[in-house]
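Student: Please read through the structure below; I'll follow up with questions.
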Amino acid sequence: MLFTRRFLNTARTAHIFDGAILAFAGLFALSIFTPLFLSTPLVSIQLSFVATGGLLVTLLAAIQGVRQGANSARWFLLASFPLFIAVAATVLRNINILPVSFLTLHGVRISIELHVLILSYALAQRISATQHERDALQFEAIKTRQELVDVLRQSEQQLESRVTERTDALEQANARLRENERQLKDAAHS
């Protein structure tokens, strides 16, 4: 349940179901202690209903995520559909509606393995997309940094050019002052 919550990012994509997912995670945690108080058939029925409710809530959260365009929610629905059918068959077997068969006995294990495979692929896709996004952001940052360096170089060149112009102007003004001073001294002596 906690993995599903993170995978679907229900705090953002399906906040309505986020609390319910946490509640079912708590129920699963409490289910560890039910064998101390209930008989094995009752524990099996209790776990079946908690599992079905938890799966139903996560499926609803995934549907909400799909409505919001979350790609991970699509993968989750694809991976969870066989699991939902297997859990439903197991619940129906546990309450004696379906007979015991290979599929009702091992369907959950098989569907969990399929679930893990599909979600592993989805995680690999997410990691790849995140890496591409990170690479694009790094490229953009390098490009922006290079543009900033170019602007700074251009500013530095403009500043140097202005300093050179001002220095030349000051030298010319000093030369005129020296010439005026020399002329004044010559005029004073003559």
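Quick note: the coordinates plus some simple rules give every number you see, no bench work behind them. The structure presented is a predicted model; accordingly, all values stated were derived computationally and were not measured. Cβ: placed from backbone, ideal geometry, glycine included. Neighbour counts: every protein chain shown.
Student: Step through the residues of region 125-141 one at a time and calculate ³J(HN,Hα) from phi using the Karplus curve (6.51 cos²θ - 1.76 cosθ + 1.60, θ = phi - 60°), rounding each to whole Hz and writing x for Gly and Pro.
Tutor: 5, 5, 4, 4, 5, 5, 5, 4, 5, 4, 4, 5, 5, 5, 4, 5, 5
Student: Can you check what the net charge comes to around A73, using other residues whose Cβ is under 12 Å from the Cβ of A73 (Lys, Arg +1; Asp, Glu -1)? Kindly include the intermediate steps, with their values, before the conclusion.
Tutor: Working: positive: R12, R67, R74, R126; negative: none.
So the surrounding residues net to +4.
Student: Something else: To the nearest 0.05, what FRET efficiency results for T40 and A11 with a Förster distance of 41 Å applied to their C-beta separation? Write down the numbers at each step before the final one.
Tutor: Values: r = 36 Å, r/R0 = 0.89.
Computed FRET efficiency for T40 and A11: 0.65.
Student: Mean separation of Cα pairs under 8 Å and 6+ residues apart, divided by the residue count of the chain: what relative contact order is that in percent?
Tutor: Details: 121 pairs, mean separation 31.3, N = 190.
Value for the chain: 16 percent.
Student: Calculate, in nm to one decimal, what S190 and E140 gain on full extension: separation in residues at 0.36 nm each, minus their alpha carbon distance. Don't jump to the answer; show the numbers that get you there.
Tutor: Values: separation 50, 0.36 × 50 = 18.00 nm, distance 7.37 nm.
Full extension from S190 to E140 adds 10.6 nm.
Student: Mind telling me which of N71, N180, N96 comes out most flexible in a GNM of the chain, alpha-carbon contacts under 10 Å?
Tutor: In the Gaussian network model the winner is N180.
Student: Sort all Cα-Cα distances of region 21-68 into consecutive 10 angstrom bins from zero, then give the percent of pairs in each bin up to the one containing the longest distance.
Tutor: Here the calculated profile for region 21-68 is 26, 44, 20, 8, 1.
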